[in-house]
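K.L.:
First the structure, then my questions, so here it is.
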Amino acid sequence: HGERGGAVIHETRLTFVSRNLIFGQLRGEHEIEDLNQARLDWNGSISRAYRDQPDTRASVFQLDPEFGYKFEDDSQSGWHFFSELEEMVYGLGFDWTQPLEEVDEDEPEHAAKLKFGGRVDTRDRDFYARRLRFRPTFGMTVPVCATQVWDPACPDNTFSGENVGGDVFTIEDNTLETDAYNAGVEIFAGYAMADVHLAKNLRLIAGPRIEVATQSIRTFNQFEPDNPDFFREAEVTGQDSLP
């Protein structure tokens, strides 16, 4: 509630957003004595994230000193926004440690060893949104809340069933072609390293690591999801390696 250019304005905005996250992980550690106490560590994970914004709405009314609060037809008034997002993430990785000499039980960390491993992570996301707006029907009189004191029920009374559908208000669909998309990320990584104690106080750790990542996005018109004329696709692939 406030003033704009000397006029008394009342803006109402209602937002509700729900989020949930489910995550699960399975991991294991194994020591193989027959291979000089080699060690295998592995893990797998899966998660799902969901976000729902069912109906964010806003309305603006201006006080008419003679009649009461009147609906304002501006860009921030009468609009409704709906969105839904779902994301799935999968991960799988392992590490193998192979001692290259007999392991001393008193100082196992001093044994020379070779270690290698890899990991795969994928992420898939689906997003949908709708943008609707109530606009006064041309040539029709917009209903007024006949009160000089703001009534919280004014927006509900204004957008009642008898006023919507062409008599007083029409529904304008402002949904964009980019308001629906599928996106994904794939990451593949691997490494190998040697861990050697050259002297009592001198240790050498060296090896290569490489990572390849691909990110893609595909926007489409959700009313014609199979129409290739509305597809917008992009893909980026990157590679990173360290000695």
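The values are calculated or read from the model by the stated rules, or taken from the named source; none is laboratory data. Predicted model only: the values in this text are computed from it and were never measured. Methodologically, a virtual Cβ is constructed for each residue, glycine included, from the backbone with ideal geometry; neighbour enumeration extends over all protein chains shown. For the accessible areas, the whole protein counts, side chains as well, though only heavy atoms, and no ligand, DNA or RNA atoms are used. Shrake-Rupley method; radii C 1.70, N 1.55, O 1.52, S 1.80 Å.
K.L.:
Report the FRET efficiency, 1/(1 + (r/R0)^6), for VAL164 and GLU186, where r is their Cβ-Cβ distance and R0 is 51 Å, rounded to 0.05.
P.N.:
FRET efficiency, VAL164 to GLU186: 0.65.
K.L.:
Can you give me the Rg/Rh ratio for segment 168-209, using Cα atoms for both radii and the Kirkwood formula for Rh?
P.N.:
1.70
K.L.:
Contour minus end-to-end for SER45 and ILE9, with contour as 0.36 nm per residue of separation and end-to-end as the Cα-Cα distance?
P.N.:
Using 0.36 nm per residue and subtracting the Cα-Cα distance, I get 7.8 nm.
K.L.:
If contacts are Cα pairs under 8 angstrom and at least 6 residues apart, what is the relative contact order of segment 47-201 in percent?
P.N.:
Across segment 47-201, relative contact order equals 27 percent.
K.L.:
So for segment 1-97, considering every pair of alpha-carbon atoms, how many percent are separated by more than 18 Å?
P.N.:
Value for segment 1-97: 68 percent of Cα pairs lie more than 18 Å apart.
K.L.:
Then there is this: Add +1 for every Lys or Arg and -1 for every Asp or Glu among the other residues with Cβ under 10 Å from the Cβ of ARG130, and state the total.
P.N.:
Local charge sum for ARG130: -3.
K.L.:
With every protein chain kept in the model, how would you rank ARG125, ARG19 by accessible area, 1.4 Å probe, largest at the top?
P.N.:
Correct descending sequence by accessible area is ARG19, ARG125.
K.L.:
Using a cut-off of 11 Å between beta-carbons, work out the net charge of the residues near PRO155 (Lys and Arg +1, Asp and Glu -1, PRO155 not included).
P.N.:
Charge balance near PRO155 sits at -1.
K.L.:
Now, a different point. What is the local net charge at LEU21, summed over the other residues whose Cβ is closer than 12 Å to its Cβ (Lys, Arg +1; Asp, Glu -1)?
P.N.:
Cβ neighbours under 12 Å give a net charge of +1.
K.L.:
Work out how much length ALA199 to ARG19 would gain on full extension: take 0.36 nm times their residue separation and subtract the Cα-Cα distance, in nm to one decimal.
P.N.:
59.3 nm
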